[in-house]
1. If I go through the range 70-81 residue by residue, how many of them are over 15 Å from residue 36 (Cβ atoms) and in contact with a strand residue (DSSP E or B) (Cβ under 7 Å, 6 or more places away or on another chain)?
2. Can you name every residue in the range 89-104 that is more than 24 Å from the chain's Cα centre (by Cα) and touching a residue at least 40 places away in the same chain (Cβ under 8 Å)?
3. Hey, residue 177 hits all of (1) assigned to a strand (DSSP E or B); (2) without any contact (Cβ under 8 Å) to a residue 24 or more places away in the chain; (3) in contact with a helix residue (DSSP H, G or I) (Cβ under 9 Å, 6 or more places away or on another chain) but one; which does it fall short on?
4. Mind telling me which of the residues 129, 74 ends up being more than 24 Å from residue 184 (Cβ to Cβ), out of contact with any helix residue (DSSP H, G or I) (no Cβ under 8 Å at 6 or more places or on another chain) and either assigned to a helix (DSSP H, G or I) or in contact (Cβ under 8 Å) with a residue 12 or more places away in the chain (or both)?
5. Which one of the conditions (1) touching a strand residue (DSSP E or B) at 6+ places or on another chain (Cβ under 6 Å); (2) crowded, with 17+ Cβ neighbours inside 10 Å does residue 177 fail to meet, given that it meets all the rest?
6. In the range 88-100, is there at least one residue being in contact with a helix residue (DSSP H, G or I) (Cβ under 6 Å, 6 or more places away or on another chain) and modelled with pLDDT of 95 or more?
7. Identify the residue in the range 90-108 that is assigned to a loop (DSSP other than H, G, I, E, B) and touching a strand residue (DSSP E or B) at 6+ places or on another chain (Cβ under 8 Å) and, among all such residues, is nearest to residue 132 (Cα to Cα).
8. Of everything in the range 1-50 that's part of a loop (DSSP other than H, G, I, E, B) and modelled with pLDDT of 50 or more, which residue is nearest to the chain's Cα centre (by Cα)?
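The values are calculated or read from the model by the stated rules, or taken from the named source; none is laboratory data. A quick note: this is a predicted structure, and the numbers were derived from the prediction, not measured. FYI the Cβ positions are ideal-geometry reconstructions off the backbone, even for glycines, and counts take in every protein chain you see.
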């Protein structure tokens, strides 16, 4: 059934449509290298966890603030930027027993989408590549804050925290697993300020 519109009604509909604010479009964000940390925890001799950091990280993603749609996620870590606060240990982890940084200079994570689990939380499942081996990885992500940066670049920023877990043996990194010297499970933590590319 069609309801005819008078000229006045038609004008009102058109004017109302133009008066509505335009829907926000997905925006591209880049990780701020000065405020991004990729860290991991791994058990040593079943006594305590050892903390490691990667100092060189880059990447970005596309995000729609209205729909929470997430796409085109990329995170690249430079393997040689490893730091466990012990030079001898760092050199060992960079060697062929672990990261083989000369043959595999980067670690990458890519994802095409995310799933909201709350107003400020969600999960992102993508592909993690280490030592040339690619395996699925799911990260739990939380939005920690948002808004224009108060100084410096003054760009719009999202503060994000992400955690996940993997088995390094899935990537062919089996040193110390069978005899319990080094744990197989690795906890991953990512803290970042992502800047909108206006």
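1. Just the residues of the range 70-81 that are over 15 Å from residue 36 (Cβ atoms), to begin with: 70-72, 79-80.
Okay, now just the ones that are also in contact with a strand residue (DSSP E or B) (Cβ under 7 Å, 6 or more places away or on another chain), so 70-72, 79.
Qualifying residue count for the region: 4.
2. Result: 97, single match.
3. Exception for residue 177: condition (1).
4. Details: 129 fails: more than 24 Å from residue 184 (Cβ to Cβ).
Every option except 74 fails the conditions.
5. Just one mismatch for residue 177, condition (2).
6. To start, the set of residues in the range 88-100 that are in contact with a helix residue (DSSP H, G or I) (Cβ under 6 Å, 6 or more places away or on another chain) comprises 99.
Now narrow it down to the ones that are modelled with pLDDT of 95 or more: 99.
Yes, that holds for at least one residue.
7. In the first step, residues of the range 90-108 are kept if they are assigned to a loop (DSSP other than H, G, I, E, B); the result is 95-105.
Cutting the leftovers down to touching a strand residue (DSSP E or B) at 6+ places or on another chain (Cβ under 8 Å) gives us 99, 101, 104-105.
Numbers: 99: 10, 101: 11, 104: 7, 105: 10 Å.
In this case the residue turns out to be 104.
8. First pass over the range 1-50, keeping only residues part of a loop (DSSP other than H, G, I, E, B): 1-6, 20-26, 45-47.
Right, trim to modelled with pLDDT of 50 or more and you get 23-26, 45-47.
Details: 23: 26, 24: 22, 25: 21, 26: 17, 45: 30, 46: 29, 47: 30 Å.
Among them, the one singled out is 26.
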